1. Would it be correct to say that LEU166 is closer than 15 Å to TYR269 by Cα, in contact (Cβ under 8 Å) with a residue 12 or more places away in the chain and surrounded by fewer than 16 Cβ atoms within 10 Å (Cβ to Cβ)?
2. For segment 96-141, what are the residues that are in a loop (DSSP other than H, G, I, E, B) and either of a type in the set (Lys, Arg) or within 8 Å of the ligand (Cβ to nearest atom) (or both)?
3. What number of residues within segment 286-315 are under 24 Å from the mean Cα position of the chain (by Cα) and either surrounded by 15 or more Cβ atoms within 10 Å (Cβ to Cβ) or among the hydroxyl-bearing types (Ser, Thr, Tyr) (or both)?
4. Quick one: in segment 120-141, which of the residues that are buried (at least 24 other Cβ atoms within 10 Å of the Cβ) and of a type outside the set (A, V, I, L, M, F, W, C) is nearest to ASP77 (Cα to Cα)?
5. Taking only segment 117-126 into account, find how many residues are within 14 Å of the chain's Cα centre (by Cα) and either within 24 Å of ALA210 (Cβ to Cβ) or modelled with pLDDT under 95 (or both).
6. Just give me the residues in segment 142-169 being within 12 Å of the ligand (Cβ to nearest atom), outside any strand (DSSP E or B) and farther than 16 Å from LEU273 by Cα, in sequence order.
Amino acid sequence: MRRSDQPTGGHNSATLDERILEIFRLREGGVVSGEELSLALNVSRTAVWKHIKSLQNVGYRIAAVPSQGYRLLATPDIFVPAEISAGLHSQRIGCEIICYTETDSTNTIAYRLAEDGASDGTVVLADCQRAGKGRLGRSWESPAGVNLYCSVILRPAIVPMLAYQLTFLSAVAVARTVAVSTRLTPQIKWPNDILVNGRKVAGLLNEMSAETEKVHFVVLGIGVNLNMRREQFPADLRHPASSLFLESGEKIDRTAFARELLAALDALYDDYLKFGYAPIREEWLARCHMLGRKVSVDIRERVIVGEVTGIDDNGALLVRTSSGGEERILSGDVSLCE
Ligand code: BT5
């Protein structure tokens, strides 16, 4: 980790800056006097002024209204724990949020935190990743200022064989979030992609620490292309890719999207712990666009071509081949044939 890799905005425990922002938020665009802030925070008016200056320095537009006080005009497009958690009523996910301006990979940070005992539901977000990870040693393009790179630590009491269910859970959460945040129709592509209009807008990378009978923790890694522009995509991607902005023509509010995603994950995880996997499987299948379609699946040693008939109880893709046999595929790269 580089020395510049310091979390921004502290953890979820409110700093003075965060408390000032909270007061502005409650005032909904109204003026807050310096005296009121100094009383509420129990600091001098000079200290209030210094904190207002530091908020302005990170991009908050705060106007000083002569002889009245301060007014918050606009918040910057950066990830700050207090902004994301404002209005988020989670049971678990997002109770602790840690934001980085830049890091190698949020999954790597989250994995380390989990090894050090971070609690169920801890979330790590970054504005930019220097070494974003895809599956099988691939990389994930992670430019600054446009997307969402997020990792969530879960500690469910399950056996390692069932951990794939959490990949399905995160796919459903991303699809739900895209559906409520835009007018687009997201589709899940087995095992870990979210597509819009046939183009990949999000990818999932779940990593686990476990022993034979017990999961210690799972890190759900979620990358969503929110406002990424055409020229920011490299030419040599494996599959067609896009962003929600490119597909909808509308800029996505990244903080609102992050909050919505954490709320969706929290609701699904709570249901999962209470009712098990069945409701997730059902929604996953309803949002999956591959059922009944002809696909070709590259499983490295060969390519399987056939029609998708479903997924089994281990998360494997079931494909009926032209010979009439059924292939059970646990890992591979799928492309639609038509
Ligand atoms: C994935 O792998 O789709 C998993 C991506 C997970 C990224 C998140 S971001 C937060 C967390 N921290 C991390 O370090 N990772 C997770 P895979 O199915 O292997 O797809 C990778 C392939 O997709 C690459 O080889 C490229 O061809 C392509 N690709 C790379 N960046 C992309 C992007 N931003 N959008 C769409 N496709 C991309």
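1. Details: closer than 15 Å to TYR269 by Cα: yes; in contact (Cβ under 8 Å) with a residue 12 or more places away in the chain: yes; surrounded by fewer than 16 Cβ atoms within 10 Å (Cβ to Cβ): no.
Judged against the criteria, LEU166 is not a match.
2. Applying the first criterion (in a loop (DSSP other than H, G, I, E, B)) to segment 96-141 yields 96, 101-102, 104-105, 116-122, 127-128, 130-132, 134, 138, 140-141.
Hits for segment 96-141 are ASP104, SER105, ARG130, ALA131, GLY132, GLY134, ARG138, TRP140, GLU141.
3. Qualifying residue count for the region: 5.
4. Going residue by residue through segment 120-141, those that are buried (at least 24 other Cβ atoms within 10 Å of the Cβ) are 122-126, 129, 132.
Narrowing the set further to residues that are of a type outside the set (A, V, I, L, M, F, W, C) leaves 122, 129, 132.
Values: THR122: 22, GLN129: 17, GLY132: 21 Å.
By that ranking, first place goes to GLN129.
5. Within segment 117-126, the subset within 14 Å of the chain's Cα centre (by Cα) is 121-126.
If we keep only those that are either within 24 Å of ALA210 (Cβ to Cβ) or modelled with pLDDT under 95 (or both) as well, we get 121-124.
Total meeting the criteria: 4.
6. Answer for segment 142-169, where residues must be within 12 Å of the ligand (Cβ to nearest atom), outside any strand (DSSP E or B) and farther than 16 Å from LEU273 by Cα: SER142, PRO143, VAL146, ASN147.
Here is a yes/no grid of residues against (1) crowded, with 20+ Cβ neighbours inside 10 Å; (2) farther than 20 Å from ARG287 by Cα:
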site: ALA144; (1), (2): no, yes
site: SER151; (1), (2): yes, yes
site: MET161; (1), (2): no, yes
site: THR177; (1), (2): yes, no
site: ILE188; (1), (2): yes, no
site: VAL218; (1), (2): yes, yes
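The values are calculated or read from the model by the stated rules, or taken from the named source; none is laboratory data. What you are looking at is a predicted structure, and each value in this text was computed from that prediction instead of being measured. Positions of Cβ are generated from backbone atoms using ideal geometry, with glycine treated the same way; all protein chains shown enter the neighbour counts.
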